[in-house]
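Heads up, the thing below is written out as structure tokens.
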Amino acid sequence: MATTPSKTRAPRKASSTAVKPAKAVPVGLIPTVFQPRLEALSTAKSWVGWAGYQSPTVIDNIEFEYFAIRNQSTLFDVSPMHKYRITGPDAETMLNRLVTRDVRKIGTGRVGYVLWCDEEGMVIDDGTLFRFAENDFRLCCQERMLGWMLDAAWGFDVAILDESDTVSGLSLQGPTSFSILKAAGLSAVETLKPFDLAEVEPGLWISRTGFTGDLGYELWMANDDGLALWDRLWDAAKDWGLRAIGFEALNLARIEAGFIAARVDFQPILTTLRLGRGRTPLELGFDRLVDFEKGHFNGRRALLRQRAQGLRTHLVKIELGGFKPADGALLYHRKTKEVGHVTSGIWSPTTKRNIALAEFNAPYGGRIQDDLWAEIYVHEEGQWDRRLVPVTVQTGPFFSHRRARQTPPDIY
Amino acid sequence: MEQRSTNTNFDAIVIGGGHNGLAAAATLARKGKRVCVLERASTLGGMMAAEAVTDGVDAAPTPPRLAHLLYNLNPKVERELGLRVQAEPLTTVSLSPTSQHVQIDGSRALNMDGSAHAQATAFSTLHDRLTRYAGLLSRLAVQSPPKLEGAWSDPDTFSELLSLGRLGLGIRGMGKREMREFLRVLLTNVHDLMVDELGDGPLAGAMSADAVRGAFSGPKAPGTLFSLLYRLGNGRGKVLAPVGGMGAVVQAFEDAATRAGCVIKCEQGVARVLVENDRVQGVELTNGERLNAKAVLSSLGPMATIDLAGLAQFDVETVRRSRKMRAKGSVAKLNMVLSALPVFSGLPTALHGARLLLAPSSTYVERAFNPVKYGESSQDPCLELFFPNAKQSDQPQALSALVSFVPHTPAGGEWTTETRDRVIQRVVETLEPLAPGIKSLVQQAELLTPADIEAETGSPGGHWHHGEMGIDQILNVRPINGMAHYSCGVAGLYLCGASAHPGGDITGAPGRNSALQALKDGAL
């Protein structure tokens, strides 16, 4: 019996004609158009899946990459972001029903940070809405949204195009980012104010936006034009200290800027299975981005009810005692009653503070802000210790610099 | 100027003068509200409106245009509105191709010679049981479905729990064995129960046909027993022929509304429901005129109502559910004029005026349903026939027939004269062996397909019940999740047609309940 199977097998190829081994597919992910450059620069070889694409967590070293964001310039590949083009006569009306803020107030050549909700007012996702023209928008977001967009567009005279796989994006962030663009011959961005958007060259749209709270730009182009632009920036950046970065460094910067991240600081409602895990924009602290006066939008009635009845939770920025990052720490009132947890916590390298985003059960973090504590576990040479550190609720961003707003930006 | 303002300002406007629209209007007006009913057509009544057109035949009798019988009028609606409907109970005959017809009088099953049918005892037991179950469930029909959203201490929630508790007690009160049986059969299919209890023949066929008439499902589909219980809900299984025809029923509803002080306007189509600040302001008519009102109650289905108020006023989910609501009509109405009363073999002359069913077995009904899934009409259709003038047996006759199953839109395109004629021809050919010579008696025939019914009455999909009465579309999820309490989101906008709870048939309950909910909400 043991000898028979070999007869039925296809004959093995002779070793002399052996085919070349198949090119390895790293972690089964799709390379973005910038992957050849990232691959070449990467010493860490640390990749993560982002919407099916291969994305670096670290290219070389987190500290170098983080400090480049604040002191030089950095390139982060944002191509895996989901991008939906909305065009047609009803585009503004349709989007105004979709998102909580008033789209009519986002002019042509502007970008708006928007949130959108389900019928119960729970946030589906947040993102940036680009207005190219009167009837031409792009929504950039973290979550896959095509089904929802098609549902939201039903009955309106609009076309929805999923550009996620055809448009590439580079986030150029840092104090010298303007200098690099200028050196690359893209000085047209000089007049761009924060959240401005312009087509500086045919097919190249640049917005003064980013996820770092610093001076920075996002560059959007067709996939085919991606590598050429990368090389152009890289060549122009010789004297300006450009570094490719991964997600980890960016995450430090975004927490310093006080920006929330989907699936981290809130759970996108369409991805949750358990009841009550969604959060409303009011609970996430975005009252100013909810325009109850603009007419109907998805979830408006539910949000009005919640505004009248009171919020369940408050997502706030906090500063903590000590220096141990408090990610995931439980929060207490009067050191005894558990009232919340940290959703994103880091030691902030620039502000030299222990900072975090935290979710409290109302009214803690809202009306009650005194006598709040975080429980931190400390490990020292095999011994665990539990410490309660004081918590202070913050208002503005932890990191804020005038260069982020100055127009035209200085040459650093 | 003063005169004008009183003519255009109302507390409530009801869109659609079908029986539910009129019931809603009358209920509101009886509470002292100024109500205006707007009907697009020239006559009231919706699906039981007016007579079929029979031009060209002198002194021809006129079959009822759509609905032809009454069996589920809600007694509470009848009492509250003071409806004056006179009707006579009608015998049902389930026709058999072998002339072994069965006469059904309530829970009695008889052979044509008057002797008890072989399954008479089983049928009587089953019928009594089903009407008892139906009676229990019909309690749910006269109030908004329970929300159970609030805390126990919330008065609304408490009263909902109380009424559910009473239903529970009612079920328990039947005794352990009956309660078990109730729970066993409630969600089951009608075919299995009928065949188990009665064997498959004209009796089972009649019950199955009654269960699925108007539905987009065959008797083997789950939940079809529930639709039978719904049908049995108010009349203990009795079928009534209104004296003076369906027109008299329309008149009774119209009288109730007029007596209560409603303004009724026909030939007034609504172009838009006006909304400002998420609140209804009134309507704009197709002639451009504006009528103001604090509340608008729409007899239309959810999607048509949403379209009138503007899509952007509603949540994405609401629109999605509305457009995906299951509402595929499956019944066509065939109105015929015959030169004389046909003679059905083996059927006594006196029974020619009965409700005649052609559903010789439950399997026959299931097979009749199959083609409609593919956009085709039944080769061997299920029929409900009624000769309103059978008593004048020497006169030319009107034949009113409900033909199951006929698709809303035939596979491959729109209805044409040819495809309509083919359905008519199939019906006549199906009847010919039962009533030899009927073919030669036909003087005139008009087929109203579900598409025609939709165009004429606004019923979603031309569906007999304004939306499938499936388990997924009743009670808290009728017509769709989120609209079960008649409110459509926009303050002051309500659904009052058969697409709303409890559902179809000439009950008047959706209209009445909707009006009461609007009053309870303080919408007007």
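The values are calculated or read from the model by the stated rules, or taken from the named source; none is laboratory data. Keep in mind the model is a prediction, meaning the values are calculated, not measured. Cβ: placed from backbone, ideal geometry, glycine included. Neighbour counts: every protein chain shown. With ligands, DNA and RNA removed, areas are computed over all heavy atoms of the protein, side chains included. Shrake-Rupley method; radii C 1.70, N 1.55, O 1.52, S 1.80 Å.
Taking region B:230-348 as the region of interest, the strands (runs of 3 or more DSSP E) fully inside it that hold 2 or more residues being at pLDDT 95 or above and more than 14 Å from chain A (Cβ to nearest Cβ) are B:263-265, B:270-276, B:279-285, B:290-298, B:331-338. The residues listed here are A:P175, A:P194; of these, the one that is in the same structural domain as A:T209 (by TED's automatic domain parsing), assigned to a loop (DSSP other than H, G, I, E, B) and under 19 Å from the mean Cα position of the chain (by Cα) is A:P194. What is the one condition in (1) touching a residue at least 40 places away in the same chain (Cβ under 8 Å); (2) in a loop (DSSP other than H, G, I, E, B); (3) of a type in the set (D, E) that B:E376 does not satisfy? The single condition B:E376 does not satisfy is (1).
The residues of region A:47-88 that are open to solvent by 40 Å² or more (accessible area, probe 1.4 Å) and closer than 16 Å to A:L146 by Cβ, listed by number, are A:R85, A:T87.
Every condition in (1) within 24 Å of B:E88 (Cβ to Cβ); (2) in contact with a strand residue (DSSP E or B) (Cβ under 9 Å, 6 or more places away or on another chain); (3) crowded, with 20+ Cβ neighbours inside 10 Å is met by B:V243 except one, and the failing one is (3).
Can you list residue pairs whose Cβ atoms sit under 7 Å apart, with the first residue in region A:189-212 being closer than 29 Å to A:A261 by Cβ and open to solvent by 60 Å² or more (accessible area, probe 1.4 Å) and the second being among the charged types (D, E, K, R) and modelled with pLDDT of 95 or more? Count only pairs 6 or more apart in sequence or on different chains. Listed pairs, sorted by first residue: A:K193/A:R208; A:F195/A:R110; A:F195/A:R208; A:F211/A:R254. Here are some residues: A:G155, A:G169, A:G147. Which one is more than 14 Å from chain B (Cβ to nearest Cβ) and of a type in the set (G, A, S)? Only one candidate passes the filter, namely A:G169.
From the list B:S339, B:S361, exactly one residue is within 30 Å of B:E429 (Cα to Cα), crowded, with 21+ Cβ neighbours inside 10 Å and not aromatic (F, W, Y). Which is it? On inspection, the qualifying residue turns out to be B:S361. In this structure, does B:G467 turn out to be buried (at least 23 other Cβ atoms within 10 Å of the Cβ), in contact (Cβ under 8 Å) with a residue 60 or more places away in the chain and closer than 29 Å to B:D278 by Cβ? Here the answer is yes, as B:G467 does meet what is asked. Among the residues of this structure, B:G482 counts as one that is surrounded by fewer than 24 Cβ atoms within 10 Å (Cβ to Cβ) and within 14 Å of another protein chain (Cβ to nearest Cβ).
Identify the residue in region A:102-124 that is away from chain B (no Cβ under 13 Å) and under 19 Å from the mean Cα position of the chain (by Cα) and, among all such residues, is most open to solvent (accessible area, probe 1.4 Å). So, considering only residues that are away from chain B (no Cβ under 13 Å) and under 19 Å from the mean Cα position of the chain (by Cα), the one most open to solvent (accessible area, probe 1.4 Å) is A:R110.
Per the conditions (1) open to solvent by 40 Å² or more (accessible area, probe 1.4 Å); (2) touching a residue at least 40 places away in the same chain (Cβ under 8 Å); (3) part of a loop (DSSP other than H, G, I, E, B), the sole criterion not satisfied by B:W152 is (2).
Taking A:G147, is it open to solvent by 30 Å² or more (accessible area, probe 1.4 Å), small (G, A, S), more than 22 Å from A:V114 (Cβ to Cβ) and modelled with pLDDT of 95 or more?
Here the answer is no, as A:G147 does not meet what is asked.
Residues that are within 11 Å of chain B (Cβ to nearest Cβ) and among the hydroxyl-bearing types (S, T, Y) within region A:76-101 comprise just one, A:T93. Criterion first (at pLDDT 95 or above, more than 20 Å from the chain's Cα centre (by Cα) and not in a loop (DSSP other than H, G, I, E, B)) does A:E293 satisfy it? Judged against the criteria, A:E293 is not a match.
Contact map, region A:235-250: first residue in the same structural domain as A:A51 (by TED's automatic domain parsing) and assigned to a helix (DSSP H, G or I), second residue among the small types (G, A, S) and open to solvent by 30 Å² or more (accessible area, probe 1.4 Å), Cβ cut-off under 7 Å, separation 6 or more or different chains; pairs are A:A236/A:A183. Name the residues in region A:256-278 that are assigned to a loop (DSSP other than H, G, I, E, B) and touching a residue at least 40 places away in the same chain (Cβ under 8 Å), would you? Residues satisfying the conditions are A:G258, A:F259, A:I260, A:A261, A:R263, A:V264, A:D265, A:P268, A:G278.
Exactly one residue out of A:T191, A:T212, A:T176 is touching a helix residue (DSSP H, G or I) at 6+ places or on another chain (Cβ under 8 Å) and among the hydroxyl-bearing types (S, T, Y): that is A:T212. If you check A:Q309 against the conditions, is it over 23 Å from the mean Cα position of the chain (by Cα) and either within 14 Å of another protein chain (Cβ to nearest Cβ) or within 21 Å of A:G365 (Cα to Cα) (or both)? Criteria met by A:Q309. Where strands (runs of 3 or more DSSP E) sit wholly within region B:86-127, those with at least 2 residues that are in contact with a His (Cβ under 6 Å, 6 or more places away or on another chain) occupy B:108-111.
Restrict the check to region A:328-350 and report whether at least one residue is surrounded by 14 or more Cβ atoms within 10 Å (Cβ to Cβ) and either charged (D, E, K, R) or in the same structural domain as A:R70 (by TED's automatic domain parsing) (or both). No, region A:328-350 contains no residue that is surrounded by 14 or more Cβ atoms within 10 Å (Cβ to Cβ) and either charged (D, E, K, R) or in the same structural domain as A:R70 (by TED's automatic domain parsing) (or both). Scanning region A:160-172 for residues that are in a loop (DSSP other than H, G, I, E, B) and either in contact with a Lys or Arg (Cβ under 8 Å, 6 or more places away or on another chain) or small (G, A, S) (or both) turns up A:E163, A:S164.
For residues that are open to solvent by 10 Å² or more (accessible area, probe 1.4 Å) and within 15 Å of the chain's Cα centre (by Cα), scanning just region A:128-144, find the one that is nearest to A:I269 (Cα to Cα). That would be A:E143. Looking at region A:279-303, which of its residues are open to solvent by 50 Å² or more (accessible area, probe 1.4 Å) and either within 14 Å of chain B (Cβ to nearest Cβ) or touching a residue at least 12 places away in the same chain (Cβ under 8 Å) (or both)? Scanning region A:279-303 gives a single hit, A:E293.
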